[in-house]
1. Output the Kirkwood hydrodynamic radius of the protein assembly as shown, Cα pairs only, in Å rounded to one decimal.
2. Calculate, in nm to one decimal, what A:Phe34 and A:Thr47 gain on full extension: separation in residues at 0.36 nm each, minus their alpha carbon distance.
3. Show which aspartates and glutamates lie in cross-link reach of B:Lys213 when reach means a straight Cα distance below 19 angstrom and same-chain residues fewer than eight apart are skipped.
4. So how far, in whole Å, is the C-alpha centre of the stretch A:155-223 from the one of the stretch A:50-92?
5. Calculate the length of the line joining the C-alpha centroid of the stretch B:194-240 to that of the stretch A:264-278, in whole Å.
6. How many partner chain Cβ atoms sit within 10 Å of a residue's Cβ in peptide B:149-161, on average, as a whole number?
7. Mark the label point 7 Å from the Cα of B:His167 along Cα→Cβ and return the residues of the stretch B:121-149 whose backbone N is within less than 15 Å of it.
8. Pick from B:Ile43, B:Ile32, B:Ile24: which residue has the top mean-square fluctuation in a GNM of chain B where Cα pairs under 10 Å get a spring?
Amino acid sequence: MNRKGMTVLLPAACIFLASAVVVALASGSAGIPFRRILSIILEGKATPEYSILMDIRLPRIILGFAVGGALSLAGVILQGMFRNPLVEPYTLGISGGAALGAALCIIFKLHYLLPTMALPMSGFLGACLVILPLYFLNMRQSVLRMQGILLTGVMTSFISSSLVVLILAISRTEELHSIVFWIMGSLEEPSWVLILLAAVIAVACLFLSYFFAPVMNALSLGEEEAIHLGIDTERAKKQLFLMASILTGISVSLTGIIGFVGLIVPHFVRIMAGYDHRRLLIISFLTGAGFLIFCDTIARTVIAPIELPVGVITGILGGSVFIYVLSRRLLSGRSGGVL
Amino acid sequence: MINITGLACGYGEKIVLNDIDLSIKKGQFFGIIGPNGSGKTTILRAITRLVRPVRGNILLDGTDITDLHFNEVARKVAVVSQNMPLLAMTVREFVLIGRIPYYKRLQFFEQGSDVAIAEKVMEMTGILHLQESLMSEMSAGEVQLAFIARGLAQQPSVLLLDEPTSHLDITHQAGILDLVKRLNGQEGLTVVIILHDLNLASEYCDSLALIDKGRIKKAGTPEEVLDYRTIEEVYKTVVVVRQNPLSMKPFVMIVSEEVKNKCEKGS
């Protein structure tokens with residue numbers, strides 16, 4: 001048996017997350033050494049180091065935790081629901097809608113009116129505008145058609161990215177710059193309220209998703225089998241789809257498009273933990289959170305003071321680690337995909 | 001146990017089954033036979049509510065199945081289906097999935113009683129020693145046993161099997177069907193089974209229904225149903241029906257075109 005149980009994986013995921021948090025707290029241009037972190041926090045507000053830790057680094061860590069966890073959770077839910085390992089939170093066009101919303105917001109200069117709220121809000125509205133037709137188009141016969149949703153989602157994604165390119169083509173240089181930077185994704189977010197809101201929603205969804213864990217286990221055998229096991233699959237799929245949409249919508253509207261987390265983390269965890277969603281959900285959440293915090297630390301330190309888009313790091317790092325793990329599995333004669 | 005009256009159903013606009021009347025009694029070993037595409041699987045799908053009836057109804061223990069929740073159906077009827085998605089999960093995990101219909105609202109993990117039931121059914125089906133093997137790395141016969149074990153973990157009163165012996169050699173064919181027959185005799189499990197092999201159907205089933213083009217062509221004991229004229233008409237194949245000397249059940253033999261031509265010339 002190559003798979004490890006909860007007793008090994010859960011502590012391992014917690015340790016990974018904790019070390020990512022500690023490394024993130026200790027890294028940066030200010031050069032605060034490891035040993036001093038605790039004493040600085042205990043000493044209180046007086047020092048500049050305290051404000052670097054608590055006002056600059058901590059918000060990014062919490063947002064990384066929320067978004068990394070949310071995207072991974074949404075990835076697990078969607079991959080399980082569609083029984084397709086290539087589905088990720090962005091496949092459904094939610095990110096495209098959010099990008100379009102944000103681009104429109106920048107073009108119409110709404111972010112001058114409401115400095116902190118305008119971009120996330122228009123991103124979220126854009127995401128909703130994509131999800132709702134997707135949902136209702138495929139719900140007419142009270143049956144949520146999986147293939148239909150997937151295809152409509154991919155097409156909406158294309159349409160919205162074309163519209164974003166159109167906006168880019170006709171916008172002026174400074175707007176172009178802000179739009180591109182928004183799309184590339186970053187954990188920079190000035191509003192504590194939004195950060196905490198994202199964290200609360202992500203953790204609440206993690207909690208809620210456990211009510212669906214047996215359902216998702218049954219669904220992983222296929223829809224027919226799930227019905228044979230007494231699952232009302234139509235209702236379950238609608239609820240799961242909405243939950244994944246909320247998680248993705250919140251993440252995208254706050255941080256822009258951070259790719260690969262929702263695709264790679266669930267895959268990676270599935271290789272380690274097997275099919276069982278009661279393990280997958282929590283371990284993916286924790287691993288995803290740790291992974292994004294870690295990638296963000298690299299993104300802002302590797303060629304400091306210039307900050308790289310965190311999506312670049314998640315793609316390069318996540319992709320290479322994944323190929324390495326997959327090739328080792330293939331070499332040892334095990335099948336690669338678990339789905 | 002299961003009473004189907006005037007059932008018509010299908011997929012979307014296309015009606016596959018028409019005027020189906022079937023009565024399956026408690027403890028029966030009921031076989032459904034018929035050519036490919038005749039609608040055998042659709043009958044099972046109608047019983048498990050995968051397909052909604054357009055006309056007619058299906059009563060399960062006297063209750064119309066459309067009035068039952070999916071969960072309630074799953075506690076009474078378990079399905080061993082034809083298409084087998086194989087995941088990298090262990091046999092034990094797979095069999096425990098059969099306990100899902102009994103999960104309470106806030107229950108995420110199986111309880112001791114669920115594990116005990118899973119172990120019991122794995123022992124009954126003879127796969128307890130394989131419980132830590134991965135489903136994706138087992139032989140077809142073992143996989144089929146695991147599917148039956150999962151069905152039994154649902155503690156059903158009816159077991160529906162959709163061609164459980166296709167792709168298996170005769171050792172496993174007999175093994176699977178003997179097991180199901182034992183469960184039928186010892187545990188009083190009602191069995192509804194779709195079989196392609198007319199001889200297996202004849203040997204094992206108490207009662208048969210022959211489906212042709214979405215309608216019941218003939219129903220009754222194997223002796224009544226497996227008449228050479230009926231089979232030739234439905235399957236468009238020349239056959240000879242004799243009796244198995246030991247079980248005294250009808251035995252269907254195919255006549256090849258070459259032999260048929262020779263016989264025609266001879267006469």
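1. One decimal place: 27.3 Å for the Kirkwood radius.
2. Gain on extension, A:Phe34 to A:Thr47, equals 3.0 nm.
3. B:Glu13, B:Asp19, B:Asp21, B:Asp162, B:Glu163, B:Asp197, B:Asp227, B:Glu232, B:Glu233
4. Centre-to-centre (Cα) distance: 9 Å.
5. With the stretch B:194-240 and the stretch A:264-278 each reduced to a Cα centre, they are spaced 47 Å.
6. That works out to 1 on average.
7. The answer is B:135-148, whose backbone nitrogens lie closer than 15 Å to the label point.
8. Result: B:Ile24 has the largest fluctuation of those listed.
Where a number appears in this text, it was derived from the coordinates with a stated rule and is not lab data. This one's a predicted model, so the numbers in the text were calculated from it and none came from an experiment. Neighbour counts run over all protein chains shown; Cβ positions are idealised from the backbone, glycine included.
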